[in-house]
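Reviewing the structure listed below.
Values in this text are rule-based calculations from the coordinates and carry no lab data. The model shown is predicted, which means the values in this text are computed figures rather than measured ones.
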Amino acid sequence: MGLHGYVGYLPMPRATQDVDVMVPHNQKKKAIKAITSRWPGLEKEEFEPVVRFYDPGELDRDGNKVPVIDLMLPWAPFQETILKEHVLIDAATGARYPTAEAAIVAKYAAMVSPSRKLAKKEQDASDLRKLILANHMDYDISRIQSLAGQVWEGGSEEILRFINCALNEKPFPV
């Protein structure tokens, strides 16, 4: 669930290099089949929490393959909850999107992750601030707190501090 999943909640779109899609574990094979059927030229690599698809013609400046689609599987309780309780379905297309609450918590989780690289955390912080500001009249704070509490033990309290910082133009407490 990357930028393509929550870009509609941002006040202005931004570019991204790849598409991240999260599916339940029981939909993994179906999702892989859908991607490989639609884009048979993509190379596939399977890891524990993600299946990466690469365009063989797309390399970074060091000659490494660049993922174009990441098929992500939930690895944490909050992600399982997002897939079960925080999805909107577009009536015209059947496309599934996260709720604003889910988008906010997913960005928060990425930002506070101890294993995330600093440059990515800085982008996460910018995205999180924009998500909060653009949607603060529409989201359900109790749903955000409930989800954030599944990110880590103190998440439901910490997310309130992050929201307060965003709404009051203060730096995030990280």
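Annotations for the structure displayed:
- Here the sum of -39500 (n - 2.57) over DSSP H runs of 4 or more residues, divided by the residues of the chain, equals -14000 deg cm²/dmol at 222 nm, to the nearest 500.
- Segment 117-174: relative contact order as a whole-number percent, Cα under 8 Å and 6+ apart: 28
- Evaluating 6.51 cos²θ - 1.76 cosθ + 1.60 at θ = phi - 60° for every residue in segment 20-29, the Karplus couplings come out as 10, 10, 9, 10, x, 3, 6, 9, 4, 4 Hz, glycine and proline recorded as x.
- Centroid-to-centroid separation of segment 72-109 and segment 40-63 [C-alpha atoms, Å]: 24
- Distant-in-sequence amide H partners of Ile69 (H built 1.01 Å from N, under 5 Å): Val19, Phe53
- Measuring between alpha carbons in the structure, the pairs from Lys30/Lys170; Lys44/Lys170; Lys30/Lys120; Lys65/Lys170; Lys117/Lys170; Lys33/Lys130 lying more than 32 angstrom apart are Lys30/Lys170; Lys44/Lys170; Lys65/Lys170; Lys33/Lys130.
- Axis angle, to the nearest 10 degrees, between helix 155-167 and the longest C-alpha principal axis of the chain: 80 degrees.
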